[in-house]
Amino acid sequence: MTGFVVLGTDTDAGKTSFSLLFLTAFADQFAYWKPVETGDSDSVRIRKLVPHAHVFEPLARFTAPVAPPLAARLEGRQMPTIEDVLAARPVSELPLVIETFGGAFSPFTDEALQIELIRDLRLPVVLVGTSTLGAIGRMLAAVAALGEYNLRATAIALIGPRDVYAEEQIRKHTVNTPVFSFTLPNRS
C-alpha cells in the first residue's frame, strides 16, 4: 500500500485521533509525518501513545494554536512554502501517513491554501470528520471541495459515536467511497 494524506473537514475533526488509531494497528507498516504543526505537537502525542511508530520531525513548528501563516507571523518567522514541504518530504522505507491541519481550504501560506499542497503531494486522501450533528453536510462539503481541485477521498472516516444514518447518507452521495466509523476509547 502507498502512503496517504489525512485531511479533516476542519480543525478538531479527528485527524490525529484517526492517525493514532491507524498507527496503533499498523505502526510496523507505516511512518507518520506532520509537516507543519501549531500549538501542542501532534508528533509528540503520536510518539507518546504509539511508541513503536516511526515519527518524522515536522518541517516547521509554531507555538500559537492558530493557522500556520498567522502562527509564523506571530513568531516573526517564515512559513515554509509548498515547494519547501515537498522537498522536505521524508525518505522512508515505510509509506507515509501525512497529517494535515485544519481543513482543505485552511490557509497554508499567505498566498496558498492547504488543498494546493494536498494536490501536489499526489497521494490518496483519507477524509476525516466528526460523527456529531452536521456530519453529513460537513463531509459532503469537504468532498465537493476536493472535487474542485480534481481530488477525491479514497476513504472517509467518521470519528465519535457511530451514526449509521450519517454513514448511509455519505456513502449514498459519495458513490464508491468507503465510509468507516471509529469510536474513541474513553479517557478515564
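The values are calculated or read from the model by the stated rules, or taken from the named source; none is laboratory data. Source: prediction; values computed, not measured. Note that each Cβ is placed from the backbone with ideal geometry, even for glycine, and that neighbours are counted across all protein chains shown. Surface accessibility is based on the protein's heavy atoms, side chains included, excluding ligands, DNA and RNA. Shrake-Rupley method; radii C 1.70, N 1.55, O 1.52, S 1.80 Å.
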V97's amide H: which non-local residues (gap 5+, or another chain) put their own amide H closer than 5 Å, with H modeled 1.01 Å from N in plane and none for Pro or chain starts? F4, A31, Y32, W33
Mean accessible surface per residue for the chain, computed with a 1.4 Å probe while every protein chain stays in place, in Å²: 52 Å²
Report the antiparallel proportion of the DSSP beta bridges in the chain as a percent, rounded to a multiple of 5. 5 percent
Which lysines, if any, have their Cα less than 21 Å from the Cα of K34, not counting same-chain residues under 8 positions apart? K15, K48
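Starting from the residue with the highest accessible area, list D120, D10 in decreasing order, probe 1.4 Å. Walk me through the intermediate numbers first.
On the way: D120 50, D10 85 Å².
Accessible-area ranking of D120, D10, largest first: D10, D120.
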Relative contact order as a percentage, the range 3-147, C-alpha pairs under 8 Å and 6+ apart, gives 36 percent
The range 82-170: Cα Rg divided by the 2.2 N^0.38 Å rule of thumb: 1.19
Quick query: amide H of S106 versus all other amide H atoms, modeled in the peptide plane; which residues come in under 5 Å with a sequence gap of 5 or more or a different chain? Q114, I115
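Assigning unit charges at the beta carbon (Lys, Arg +1; Asp, Glu -1) and nothing else, what dipole magnitude in debye, to the nearest 20, does the range 1-150 show about its Cα centre? Write down the numbers at each step before the final one.
Details: 12 positive and 17 negative charges, 60 e Å.
I would put it at about 280 debye.
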Diffing the range 139-156: the Karplus 3J(HN,Hα) column from phi (6.51, -1.76, 1.60, θ = phi - 60°), in whole Hz with x for Gly and Pro, holds 5, 5, 5, 5, 4, 5, 4, 4, x, 4, 10, 6, 10, 9, 6, 6, 8, 10
Aspartates and glutamates near K172 by alpha-carbon distance under 18 Å, same-chain residues fewer than 8 away left out - which ones? D163
Over the chain, what percent of the accessible surface lies on carbon and sulfur atoms, probe 1.4 Å? 55 percent
